[in-house]
Amino acid sequence: MTIDEITDFVEGLGGVLAVRPAPGDGTPEISWGDTFFSYAPDGVPPKATQPFATIVTKDYPGDERSRLDRPDTFRVNVAAGRDTFSEWTGHAPREPAPEDDPSVTDTVIAHPVYGSVGWLAVVNPGGRTDEAVRRLLREAHHLARVRHERRTGSAPSS
């Protein structure tokens, strides 16, 4: 899976706003080149919610063990929710667990920084995780849509 394939897939889920920070747009330099996906059917960036998924192309401070500084390396991060997180990891988000190697590729793992709040991650998704990443992104999109509808009082969409 490429960054473009993932981006096209997520945008095709409907109501998705993909933000791609770049030089000159007022965003922090560290975020340039990354992509942040929010459920925003009106196209307005939500002010009170986090993205439901991200693609990062570099190590962030405190997350250097992911080794995203390797050539052609990126990570998909997904707000999986408690149940899906537990299904993939075998434990609840806040429970202690064996530490995964955050640099391993094409494997679903607890996010190295945000796993405690139910995020999963995949470095360089490929043949082993293609379908899993799509499923995780669909589920995260659904959860974000439900939260949006609850917050705004809008009717559920199919």
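The values are calculated or read from the model by the stated rules, or taken from the named source; none is laboratory data. Predicted model, so just to flag it, every value in this text is computed and none were measured. A quick note on method: Cβ atoms are made from the backbone with ideal geometry, for glycine too, and the neighbour counts reach across all protein chains shown. Only protein heavy atoms, including side chains, enter the accessible area calculation; ligands, DNA and RNA are left aside. Shrake-Rupley method; radii C 1.70, N 1.55, O 1.52, S 1.80 Å.
Summary of values
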{"item": "Subset of the range 119-158 that is surrounded by 14 or more Cβ atoms within 10 Å (Cβ to Cβ) and modelled with pLDDT under 95 - its residue that is farthest from THR2 (Cα to Cα)", "result": "GLU149"}
{"item": "Matching residues, the range 119-138, being touching a residue at least 12 places away in the same chain (Cβ under 8 Å) and more than 24 Å from PRO98 (Cβ to Cβ)", "result": "GLY127, ASP130, ARG134, LEU137, ARG138"}
{"item": "Scope the range 6-21; condition on the phi < 0 side of the Ramachandran plot and either in contact (Cβ under 8 Å) with a residue 60 or more places away in the chain or surrounded by 12 or more Cβ atoms within 10 Å (Cβ to Cβ) (or both); matching residues", "result": "ILE6, THR7, PHE9, VAL10, GLU11, LEU13, VAL16, LEU17, ALA18, VAL19, ARG20, PRO21"}
{"item": "Pair list, Cβ < 7 Å and 6+ apart or interchain, from the range 103-118 residues that are over 16 Å from THR54 (Cα atoms) and touching a residue at least 24 places away in the same chain (Cβ under 8 Å) to residues that are open to solvent by 50 Å² or more (accessible area, probe 1.4 Å) and not in a loop (DSSP other than H, G, I, E, B)", "result": "SER103/ARG65"}
{"item": "ALA97 being among the aliphatic types (A, V, I, L, M), touching a Ser or Thr at 6+ places or on another chain (Cβ under 8 Å) and in contact (Cβ under 8 Å) with a residue 12 or more places away in the chain", "result": "yes"}
{"item": "Hits in the range 30-83 - residues which are under 14 Å from the mean Cα position of the chain (by Cα), aliphatic (A, V, I, L, M) and either within 17 Å of LEU13 (Cα to Cα) or surrounded by fewer than 19 Cβ atoms within 10 Å (Cβ to Cβ) (or both)", "result": "ALA53, ILE55, VAL76, VAL78, ALA79, ALA80"}
{"item": "Candidate set: the range 105-116, residues that are at pLDDT below 95 and over 12 Å from the mean Cα position of the chain (by Cα); chosen: the one surrounded by the most Cβ atoms within 10 Å (Cβ to Cβ)", "result": "PRO112"}
{"item": "Qualifying residue in the range 59-78 (condition: touching a residue at least 40 places away in the same chain (Cβ under 8 Å) and touching a Gly at 6+ places or on another chain (Cβ under 8 Å))", "result": "no"}
